[in-house]
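Report on the following structure.
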Amino acid sequence: MAEATPGQAAPRPLPPGLDLLWGRRERGRRGPRPGLSADAIAAGAMRLADAEGLEAVSMARVAAELGVTTMALYRYVANKDELLQLMWNASALGAEHLVIEGDGWRARLRSWAVIQRDMMDRHPWITQMPMAAPPLAPNSMHFVERGLEAMDGTGLPDLTKIRVIGLLSSYTLSEARMAADAKRAMAAAEPAGTGPAGTGTAGHEADSPAADDSPGPPQSYEALLRELVDERTYPRLYRLAWGPEPERSLTEREEFLSGVDVILDGVQALIDRAAGGY
């Protein structure tokens, strides 16, 4: 429990979940089970989510994963919302020791965005989590601090820096969510029962009507545009769909980094404007 120092007011109560993360929750008469901890609970929940997705995470499943009763888990975590907060905080474990590499603010901030994206790719269930408020968990705040640190020396006001962090994080989350959704769509489009060799013989013959009706992999954005747009109604989209093919399509990671660079171009414009006094 955090205690007030002489001459200072006592700490204000934190909302449920945050009080657990910051060690400010009063222990009731029936305290948490010995050996059970917030870290252990978060680790068990993350194992489930990594293996089966966020929809697999429930108080009962996590309790079973940890080898305890659901009631024992409830003595430590009040509900699933608190469980999700523990998972979110644990996904940024080690952020307090993170060293952002790079020569100059731009390289460091780019690296910060890449680290965030890599974390979401390792734990795609993060993109499915509700986010109704800014991150206030300890590890999340350490990560935000590292992002702010990357902009030291830019001359930007602190309020502008935190807005840049929010913009980069929102963009990174959006791109990671689309990538994760695309992977799930690809997996769902695979014919049910297709064996390792792709024979499609589990439950149906390969030439059966059921096999012919399988949806197949999703079509590319450009291919769908060519099916849907006409030159008169959508002239610019038409040019995009039927224009010359690029020599090489960008990978999903390259597309993501291209967007990061556009945001960083905007940050450079802010820095130039502040330095010029206009």
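The values are calculated or read from the model by the stated rules, or taken from the named source; none is laboratory data. The model shown is predicted, which means the values in this text are computed figures rather than measured ones. When we count neighbours, we look across all protein chains shown, and the Cβ atoms used for this are built from the backbone with ideal geometry, even at glycine.
Which of the residues that make up segment 237-278 are small (Gly, Ala, Ser) and under 30 Å from Thr160 (Cα atoms)?
Of all residues in segment 237-278, those small (Gly, Ala, Ser) come to 241, 243, 249, 258-259, 266, 269, 274-277.
Correct list: Ser258, Gly259, Gly266, Ala269, Ala274, Ala275, Gly276, Gly277.
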Q. Restricting attention to segment 119-178, which residues are within 15 Å of the chain's Cα centre (by Cα) and of a type in the set (Gly, Ala, Ser)?
A. Ala132, Ala133, Ala137, Ser140, Gly166, Ser169, Ser170, Ser174, Ala176
Q. Which one of the conditions (1) in a helix (DSSP H, G or I); (2) crowded, with 17+ Cβ neighbours inside 10 Å; (3) not aliphatic (A, V, I, L, M) does Thr154 fail to meet, given that it meets all the rest?
A. (1)
Q) Residues Gly216, Gly198, Gly277, Gly193: which one is at pLDDT below 70, of a type outside the set (A, V, I, L, M) and closer than 30 Å to Ser169 by Cα? A) Gly277
Q: Give the residues of segment 243-274 that are at pLDDT below 90 and part of a helix (DSSP H, G or I), sorted by residue number.
A: Ala274
Q.
Please go through segment 97-122 and give me each residue that is free of Cβ contacts under 8 Å to residues at least 40 places away in the same chain and of a type in the set (Gly, Ala, Ser), ordered by number.
A. Gly104, Ala107, Ser111
